[in-house]
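Engineer: After the structure tokens below, expect a handful of questions from me.
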Amino acid sequence: MIKKIWVLIILLSCSISGFTQNKTDANINGHVINKSSKEHIPYINVSIKGTTIGIATDATGHYFLRNLPVGKFSIVVSGVGYKSEEKEITLVLGKTIEVNFEMEEDQIQLESVVVSANRNEVNRKEAPTIVNIISPKLFENTNSVCLAQGLNFQPGLRVEANCQNCGFQQVRINGLDGPYSQILIDSRPIFSSLAGVYGIEQIPANMIERVEVVRGGGSAIFGSNAIAGTINIITKEPTTNSVTLSNTSSLIYGKKADINTSLNASVVSDDYKTGVMIFGSTRQRSPFDYDGDGFTEIGKINVKNVGFRGFYKPGNFSKLTIEYHNLGEFRRGGNHLDLPPHDADITEQIEHNINTGSIKYDVFSKNNKHKFNVFTSAQKIDRKSYYGAQKDPNAYGSTDDKTFVAGMQYTYSMDTLLFMPAQLTIGTEYSTNEMIDKMLGYDRIINQTVNTKSVFLQNEWKNEKISILVGGRFDKHNLIKDPIISPRLNFRYNPTKYMSLRASYSSGFRAPQAFDEDLHVTAVGGNVALIRLDPNLKTEKSQSFSASVDFYKTFGQVQTNFLIEGFYTNLDNVFVLEEIGTDSTGNIMLERRNGAGAIVQGINLEGKVVPSKNLQFQFGFTFQKSEYKVAQQWSDNGNLTPQKKMFRSPDKYGYLTANYNAVKNFNISISGTYTGSMLVQHFAGYVVEDTEKKTPDFYDLNLKLSYDFKLNSSAKLQLNGGVQNIFNSYQNDFDKGEFRDAGYIYGPALPRTYFFGLKVIV
């Protein structure tokens, strides 16, 4: 497979020098400077609107576009942390013109372009729904080396650890657990149920350009499982000729090493017609036993990740994009990690080999009114596993998982439709997932094939003041008898230039299929807990409503943005887990059944304050309530009364980030999360009987210091260091020994951890 990667890279690189085009000698040159400081800004995107023509400014803030088509166009400059600027130009045969720009800083990212709101590129400020962006800068300031760590710093989101042995993590959006959220890679739903078990920790930060988060139902856009929200991972695209090498070395509790190394290298042709980005990363984390009982609270991880993303522009109005990455991971937890899995008292050991790739072709019309794209994505996962207790030789398993997505989309922008400008989007999509999961010793075989044929249609009437989006999606799911129609209605109104009011309605659904946690086997009381599906399991459906006020204004030099959002989701036929006893080999059996329904409601608050270019604050807080309509009996312990409240769903949680450039090139970053009290399940084993635990509040505070050394005009070295979870806010009542409940884990994922890092950019 590695050989295939290099063959493709060589072919792309050869095309850089071999590409020819029409010689018009219509050229543009110029520079981009900071409006306030008058300093040149490097690596700003410069593009011709309505075409695929573009380039990035060099290390000195200058650019040169050659052999452009003649006629009237708009040239646009954009970059992270700056407001986009646009100028009208006229290109003439054989003439070079100079076009310079002065850009204003936009630390609150209101002017960023997003695609997750309506499947088209749109200014975030004008999007019909709230889209939050996680930028590479946030990953860097919070010392987040993977996707899971970065997701904590968004309103309504919370990442939790679910297993002491293997480190299974999931993200909750608006109080609902992982399977209620749709995770996309480059807007494609190839993140299968199996990938979701460990996937958010497996995706390294160095391959991410940005992450777009949409809270609330998204089935009308992206299909099944997008009930709580959508997380869209946009991978990095080459923009300049550059190399970045970084390393972060951590000591968990000052004792155990966690070493992350990453490399990014990109090359782009002089005419910006061809480019390729190569990325790779490794991670080695030592296992850690926090309470000294001989069993891990944090498992061992070895990860290798390599891939590339390349593009080729056949013409000024078309673009071909190819992306591929391979991930190999070994993780293990329990005790006696030096022995074969079946010789230890408890072992969870998983080996992954994951190949993921995509191809996309975009075509624009010359008048920028029509856009068509065709795409295909695929993912292949091979997994070998051992989930066992009490030296069980029968706990080995294997999984083969294949996901394929293909589709097309057409967008037509109209000057007027009935009463105002409009944009029509129509498309079709086909997805299939084939999974065979075998644990023969536990007599468990999951042979699941999921096929979905989809058609989506939406029309958005919009101008700077008003946006009205009406759309829907038709899905024919092979596990659901009747077709599913998911409607969507979004409304945006800007009463002033400082305020946006939004309201939305959407429906969603989850098919009766195996989900993330069904494929993870937890050790409980010296046995394992297996999940099976009720043969009469019905489709879960949702109705979601939200309304928000988004205020943004600059007071002198102070930029501000404040958001208040109310959300309400009604779930019917909600999936619940109930303990139904043990099987013939003594394994605990949990069955996924339909409950009467549930209500999830609450308020998200978000604030961004930028007093100056040297100081930025951001915070988010969520008040929410998640309850079943009818109390559910989760355990066969008769001493426990049925419970209406959803487990592991705190009523309050939030985050804070602050960055201060004390002096030039020296940055201080403070970040932290708050997790309120919540109700968690505690299965018998170490404790006498199944119980419910009301957890304490947790505050997780982090500090990072960094200093940039300028090596020359285009190269720099950054040294950084700091502490995560400064006050060691960590769970203190873990179960101990081989009869523990490995799923009895809550609070921050790491105890106090020290780290040191360096980064070289050339």
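The values are calculated or read from the model by the stated rules, or taken from the named source; none is laboratory data. These numbers come from a predicted model, not from an experiment. We place every Cβ from the backbone using ideal geometry, glycine too, and count neighbours over all the protein chains shown.
Engineer: Quick one: in region 722-737, of everything that is polar (S, T, N, Q) and crowded, with 19+ Cβ neighbours inside 10 Å, which residue is farthest from T248 (Cα to Cα)? Give the steps one after another, and end with the answer.
Structural biologist: Of all residues in region 722-737, those polar (S, T, N, Q) come to 724-725, 728-729, 731-732.
Okay, now just the ones that are also crowded, with 19+ Cβ neighbours inside 10 Å, so 724-725, 729, 731.
Details: Q724: 13, N725: 16, S729: 22, Q731: 25 Å.
Across region 722-737, the extreme among qualifying residues is Q731.
Engineer: Just checking: which of the strands (runs of 3 or more DSSP E) contained wholly in region 478-585 hold 3 or more residues that are surrounded by fewer than 21 Cβ atoms within 10 Å (Cβ to Cβ) and at pLDDT 90 or above?
Structural biologist: Numbers: elements: 484-496, 499-510, 522-524, 527-533, 540-555, 558-572, 575-582.
Passing ranges, in order: 484-496, 499-510, 540-555, 558-572.
Engineer: May I ask you to say which residue of G30, G50 is at pLDDT below 85 and either assigned to a loop (DSSP other than H, G, I, E, B) or in contact with an Asp or Glu (Cβ under 7 Å, 6 or more places away or on another chain) (or both)?
Structural biologist: Working: G30 fails: at pLDDT below 85.
Answer to the selection: G50.
Engineer: Among the residues of region 225-240, which ones are aliphatic (A, V, I, L, M) and modelled with pLDDT under 90? Please lay out each step first, then the result.
Structural biologist: Taking region 225-240 and keeping what is aliphatic (A, V, I, L, M), we get 226-228, 231, 233-234.
Correct list: A226, I227, A228.
Engineer: Can you tell me which residue among R488, R510 is within 18 Å of P179 (Cα to Cα), in contact (Cβ under 8 Å) with a residue 60 or more places away in the chain, among the charged types (D, E, K, R) and assigned by TED's automatic domain parsing to the domain that holds V576?
Structural biologist: Working: R488 fails: within 18 Å of P179 (Cα to Cα).
Of the residues listed, the single one that is within 18 Å of P179 (Cα to Cα), in contact (Cβ under 8 Å) with a residue 60 or more places away in the chain, among the charged types (D, E, K, R) and assigned by TED's automatic domain parsing to the domain that holds V576 is R510.
Engineer: Then there's this: Residue under question is V243, and the condition is that it be more than 29 Å from D518 (Cα to Cα) and modelled with pLDDT of 90 or more; does it hold?
Structural biologist: Values: more than 29 Å from D518 (Cα to Cα): yes; modelled with pLDDT of 90 or more: yes.
In short, yes.
Engineer: Looking at D186, D177, which is the one that is on the phi > 0 side of the Ramachandran plot and either in contact with an Asp or Glu (Cβ under 7 Å, 6 or more places away or on another chain) or not small (G, A, S) (or both)? Talk me through it step by step, then tell me what you get.
Structural biologist: Working: D177 fails: on the phi > 0 side of the Ramachandran plot.
One residue alone meets the criteria, D186.
Engineer: May I pose another question? Residues to consider are F73, F64; find the one that is crowded, with 19+ Cβ neighbours inside 10 Å, without any contact (Cβ under 8 Å) to a residue 40 or more places away in the chain and either in contact with a helix residue (DSSP H, G or I) (Cβ under 8 Å, 6 or more places away or on another chain) or part of a strand (DSSP E or B) (or both).
Structural biologist: Working: F64 fails: crowded, with 19+ Cβ neighbours inside 10 Å.
Answer to the check: F73.
Okay, residues lined up against (1) under 30 Å from I48 (Cβ atoms); (2) in contact with a Cys (Cβ under 7 Å, 6 or more places away or on another chain); (3) at pLDDT 95 or above:
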site: S250; (1), (2), (3): no, no, yes
site: D258; (1), (2), (3): no, no, yes
site: T261; (1), (2), (3): no, no, yes
site: V267; (1), (2), (3): yes, no, no
site: G275; (1), (2), (3): yes, no, no
site: D293; (1), (2), (3): no, no, no
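Engineer: Next up: Here are I48, I33: which of them is farther than 21 Å from V762 by Cβ and in contact with a Pro (Cβ under 9 Å, 6 or more places away or on another chain)? Spell out the reasoning first.
Structural biologist: Numbers: I33 fails: in contact with a Pro (Cβ under 9 Å, 6 or more places away or on another chain).
One residue alone meets the criteria, I48.
Engineer: Residues of region 625-668 being under 18 Å from E579 (Cβ atoms) and small (G, A, S), which ones? Talk me through it step by step, then tell me what you get.
Structural biologist: So the first thing to find is which residues in region 625-668 are under 18 Å from E579 (Cβ atoms), and the list is 628, 630-648.
Those that are under 18 Å from E579 (Cβ atoms) and small (G, A, S): A631, S635, G638.
Engineer: When you check L263 against the structure, is it surrounded by fewer than 21 Cβ atoms within 10 Å (Cβ to Cβ), over 29 Å from H336 (Cβ atoms) and either assigned by TED's automatic domain parsing to the domain that holds C146 or β-branched (V, I, T) (or both), yes or no? Lay out the reasoning, then the answer.
Structural biologist: On the way: surrounded by fewer than 21 Cβ atoms within 10 Å (Cβ to Cβ): yes; over 29 Å from H336 (Cβ atoms): yes; either assigned by TED's automatic domain parsing to the domain that holds C146 or β-branched (V, I, T) (or both): yes.
When the stated conditions are applied, L263 passes them.
Engineer: Can you tell me which residue is nearest to P751 (Cα to Cα) among those in region 703-720 that are touching a Leu at 6+ places or on another chain (Cβ under 8 Å) and of a type in the set (S, T, N, Q)?
Structural biologist: N720
Engineer: Something else about it: Against the condition under 30 Å from F295 (Cβ atoms) and either of a type outside the set (D, E, K, R) or buried (at least 24 other Cβ atoms within 10 Å of the Cβ) (or both), how does V145 come out, does it pass?
Structural biologist: On the way: under 30 Å from F295 (Cβ atoms): yes; either of a type outside the set (D, E, K, R) or buried (at least 24 other Cβ atoms within 10 Å of the Cβ) (or both): yes.
Taking the combined requirement at face value, the residue satisfies it.
Engineer: Between a residue in region 26-53 that is closer than 23 Å to K613 by Cα and any residue that is surrounded by fewer than 16 Cβ atoms within 10 Å (Cβ to Cβ) and β-branched (V, I, T), which pairs come within a Cβ distance under 9 Å, given they are 6 or more apart or on different chains?
Structural biologist: Qualifying pairs under 9 Å: H31/T60; H40/T60; P42/T60.
Engineer: Mind checking which residues of region 136-153 are assigned to a loop (DSSP other than H, G, I, E, B) and either farther than 16 Å from I231 by Cβ or at pLDDT below 90 (or both)? Don't jump to the end; show me each part of the working.
Structural biologist: Initially, region 136-153 is screened for residues assigned to a loop (DSSP other than H, G, I, E, B), giving 142-145.
T142, N143, V145, listed by residue number.
Engineer: Another question, if that's okay. Give just the number: which of (1) more than 24 Å from N614 (Cα to Cα); (2) of a type in the set (A, V, I, L, M, F, W, C); (3) touching a Leu at 6+ places or on another chain (Cβ under 8 Å) does I134 not satisfy?
Structural biologist: Every condition holds for I134 apart from (1).
Engineer: Report the residue count in region 411-428 for those that are surrounded by 15 or more Cβ atoms within 10 Å (Cβ to Cβ) and touching an Asp or Glu at 6+ places or on another chain (Cβ under 9 Å).
Structural biologist: Count: 4.
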